[in-house]
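First the structure, in the form of structure tokens, and then the observations on it.
Bear in mind that the values in this text are calculations on the coordinates, not laboratory data. The structure displayed is predicted, hence computed values, not measured ones. Glycine also receives a Cβ, built like all others from the backbone with ideal geometry; neighbour counts cover every protein chain displayed.
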Amino acid sequence: MKKIIFICIVLLTLTHSVFSQSENKSVTIQSSPFLFFSDIFYDSDTTVFTMDMECQVKITGYVNVGLVTSILVDNRTYSDSPDKNKIQMNFQPMFIHRPFGTGIGGFYLGFYPNIGFQSITNNDDNPTFFEIGFGFNLGYKWVFGSGFTMQLGSGIGRTFSFPENNAQTVFMNSDGRITFGNTDIHFVDFKLGYSF
């Protein structure tokens, strides 16, 4: 019920906002609302908690910098190894270029390194993997007159784990990227937030 109320509040806020860009905003805090609801795709006996938080700061009209912090806690059981739990945490410092000089909103091209770890617990061992990678993304961010923001983007990257993690070939990362081997694809990067 809380999730439905949260969705209604977000929709009402978006419909209430004036669809005009605000030029005097210089900082954005935003998050992916769909990640909060990732557990609804699994049965009620499992807990999957995923969350990301992004902060962007305008340096010039053409350059923004940012940081995304994300976490995934997954206690589902798998057929190949019972009682397996996974925890993943990632940090992504970002360089964002806005080719049209639109400040904190508008079209963007981004580059980020990806640094984090993944810990898997099962009956036999508890391997921890250090992850490092990089990626590119592009998209558009609307900054409404009230300060609320909506961002829609996509991206691709590559992540390496040390030691090499051969146990999972396809999985969802803490920030919503889907990993196929070492290649990361962010199909839809949808974020809501606030700028000031």
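Sorted largest first, the principal axis extents computed over the alpha-carbon atoms of region 93-156 equal 54, 24, 16 Å.
Sparsely packed loop sites in region 88-139 (the chymotrypsin sites (Phe, Trp or Tyr not before Pro) outside DSSP H, G, I, E and B with at most 13 other Cβ atoms within 10 Å) comprise F100. Can you check what the net charge comes to around T28, using other residues whose Cβ is under 13 Å from the Cβ of T28 (Lys, Arg +1; Asp, Glu -1)? In short, +4.
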